[in-house]
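Below is one structure; the comments refer to it alone.
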Amino acid sequence: MHILLMADTLPNPDSGAAGTELQTVQALRRIGHEVDTVWANELPHRIVHGNLHYLLELPFAYRNRMRERMKLHVYDVVHVNQPHGYLAARSLQGKAGKPIFVHRSHGFEPRVGAALAPWIEKFALLASNDRKLTQRVMARLLKFSHRAIARYADGHIVSSSLCAQYLEHNCAVPESSICVIPQAPPASFQVAPIHPLTANRLSKLLYVGQFAFVKAPMVLAEAFDQIVAAHPEVRLTWVCDKRHHRQAASLLTGRALARVDFVDWLGQEELLDVYDRHGVFLFPSFFEGFGKAWLEAMARGLVVIASREGGAIDCIDSWGDGVLVPVGDAKQITNSYSRLRAAPAMAVQMGVQAAAKAREFSWDRVARETTDFYQRLIDFKRDGLRER
């Protein structure tokens, strides 16, 4: 196949959505497909404000770049990683001889709002009435992009069944037009020798993720405070951008803060060494499109305690190769950790099972499942046009 992939990100393997798209491109090429790319440096960014860029500039930018490339090449697929590609999708809809349009979502934004609503209310995140009004107006405007992409795209690739269900039930997208494709850890995480879990490593907890409300840092802090009270020997390594270390520290009590080591963002290979020094990975997010960090931890044989969100609910067998807890429940995180410490042999076996489960996921698998979905959509579009 000849594929045009467009993403308003830079091709950074250490980033979330950007890393997913880059790894997908590389894997598609490895299995023999021709992939042309348009990254953020080829898209206009004259509007500095992020949401206004998405509303007023990016839809036209995607459509214009697509048209430019289509003058030079014949594509089977146009793949765009955001809903703001709806103008490009609309221009291709129902036209013979045109490529299929696939929308790749890393966490469908309307579901983000639905998932976060109760937690925003609980933690009073938005204190300013003016700010609330501004965000409500902007959210309504951005919803247009989501409704339009649901209407015009030939297909949607998501990373979790929760996003697939939302598209089907809330956006009237047919189930046949949605494909759930789990992501993968870096290949190096799967081939490097795994160090067995020990009692010492089980006392070393790890969190890796951006400092953002969606990641529930206040729940992480609350859970760790409770864990320290029950297990005073534990330590937590908290990996996030150093600009947010002070904010993260402010969430912790003095007792817990004394047991936390803050670490700045790291590249994948440096991060591998960090995983290997720990035994339990905490991931309490309020929302995830997928959340690769927990899968990276599983690949290194850590026991993951994650909220029932994103890809974790599709991939983790709770108390088999990891632990799933209710979203926002710090007490259940604490209880789960205490149960692991009380049964170290079980924890060790769970780490073994976690590493085995993670080996089932690879970027080549992502590429194969992606192209299988492309082909289904191509066949469906061709047959539908033939019947007209």
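The values are calculated or read from the model by the stated rules, or taken from the named source; none is laboratory data. For clarity, every value in this text was computed on a predicted model and none was experimentally measured. So basically every Cβ, Gly included, is an ideal-geometry build from the backbone, and we count neighbours across all protein chains shown. Each accessible area value is taken on the protein alone, full model and side chains, heavy atoms only, with ligands, DNA and RNA left out. Shrake-Rupley method; radii C 1.70, N 1.55, O 1.52, S 1.80 Å.
Given an 8 Å cut-off on Cα distances and at least 6 residues of separation, report the relative contact order of the chain as a percent. Spell out each step's value before the answer.
Details: 680 pairs, mean separation 65.6, N = 388.
Result for the chain is 17 percent.
Pick out, from Val38, Leu72, His106, the residue whose Cα sits farthest towards the positive end of the charge dipole of the range 1-120, with +1 on the Cβ of Lys and Arg and -1 on the Cβ of Asp and Glu.
Farthest towards the positive pole: Leu72.
Roughly to the nearest percent, how much of the accessible area of the range 281-327 is carbon and sulfur, given a 1.4 Å probe?
43 percent
Charges at C-beta only: +1 for Lys and Arg, -1 for Asp and Glu. How large is the resulting dipole of the range 159-285 about its Cα centre, in Debye rounded to 20?
Values: 10 positive and 12 negative charges, 89 e Å.
The dipole of the range 159-285 has a size of about 420 debye.
Could you tell me which of the pairs Lys331/Lys357; Lys143/Lys292; Lys143/Lys242; Lys98/Lys292; Lys122/Lys242; Lys204/Lys331 are separated by over 29 angstrom between their Cα atoms in the structure shown?
Violating the 29 Å limit, Cα to Cα: Lys143/Lys242; Lys98/Lys292.
Which whole number of Å³ per residue matches the convex hull of the alpha-carbon atoms in the range 175-298?
On the way: hull volume 16.0 nm³, N = 124.
Cα-based convex hull of the range 175-298, divided per residue, equals 129 Å³.
Using a probe radius of 1.4 Å on heavy atoms only, what accessible surface per residue do you get for the range 296-384? Whole Å² is fine. Walk me through the intermediate numbers first.
Numbers: 3360 Å² over 89 residues.
The answer is 38 Å² per residue.
Rolling a 1.4 angstrom probe over the protein heavy atoms, how many square angstrom per residue are accessible across the range 1-56? Could the numbers behind the result be given before it?
Details: 2560 Å² over 56 residues.
Value returned for the range 1-56: 46 Å² of accessible area per residue.
Provide, for q = 0.25 Å⁻¹, the log10 of I(q)/I(0) from a solvent-free Debye sum over equal Cα point scatterers in the range 140-194.
-0.96
Using packing as a proxy for protection, rank 18-29, 243-254 so that the peptide with the highest average count of other Cβ atoms within 10 Å comes first.
Numbers: 18-29: 21.2, 243-254: 13.8.
Descending packing order for the listed peptides: 18-29, 243-254.
Are there any helices in the chain, counted as whole DSSP H runs, that stretch 15 Å or more along their axis by Cα and score at least 0.5 on average by Kyte-Doolittle, and if so which? The partial results should precede the final answer.
On the way: long enough: 17-30 (20 Å, -0.29); 58-72 (22 Å, -1.05); 109-123 (20 Å, 0.05); 129-152 (35 Å, -0.69); 217-230 (20 Å, 1.18); 330-342 (18 Å, -0.89); 344-358 (21 Å, 0.67); 363-387 (36 Å, -1.25).
Helices meeting the criterion: 217-230, 344-358.
Can you pull the one-decimal nm distance between simple spin-label points at Leu52 and Glu369, each 7 Å off the Cα toward Cβ?
Result: 4.0 nm between the two label points.
Could you let me know the centre-to-centre spacing of the range 260-299 and the range 163-214, using Cα atoms, in angstrom?
10 Å
Put +1 on the Cβ of each Lys and Arg and -1 on the Cβ of each Asp and Glu in the chain; which of Met346, Ser159, Val304 then has its Cα farthest toward the positive end of the dipole?
Ser159
Taking the Cα centre of the range 212-326 as origin and charging only Cβ (+1 Lys, Arg; -1 Asp, Glu), how large is the dipole, in debye to the nearest 20?
Numbers: 11 positive and 16 negative charges, 89 e Å.
The dipole of the range 212-326 has a size of about 420 debye.
Which is farthest toward the positive dipole end of the chain among Phe286, Leu257, Val228, measuring Cα position about the Cα centre, with Cβ charges +1 (Lys, Arg) and -1 (Asp, Glu)?
Phe286
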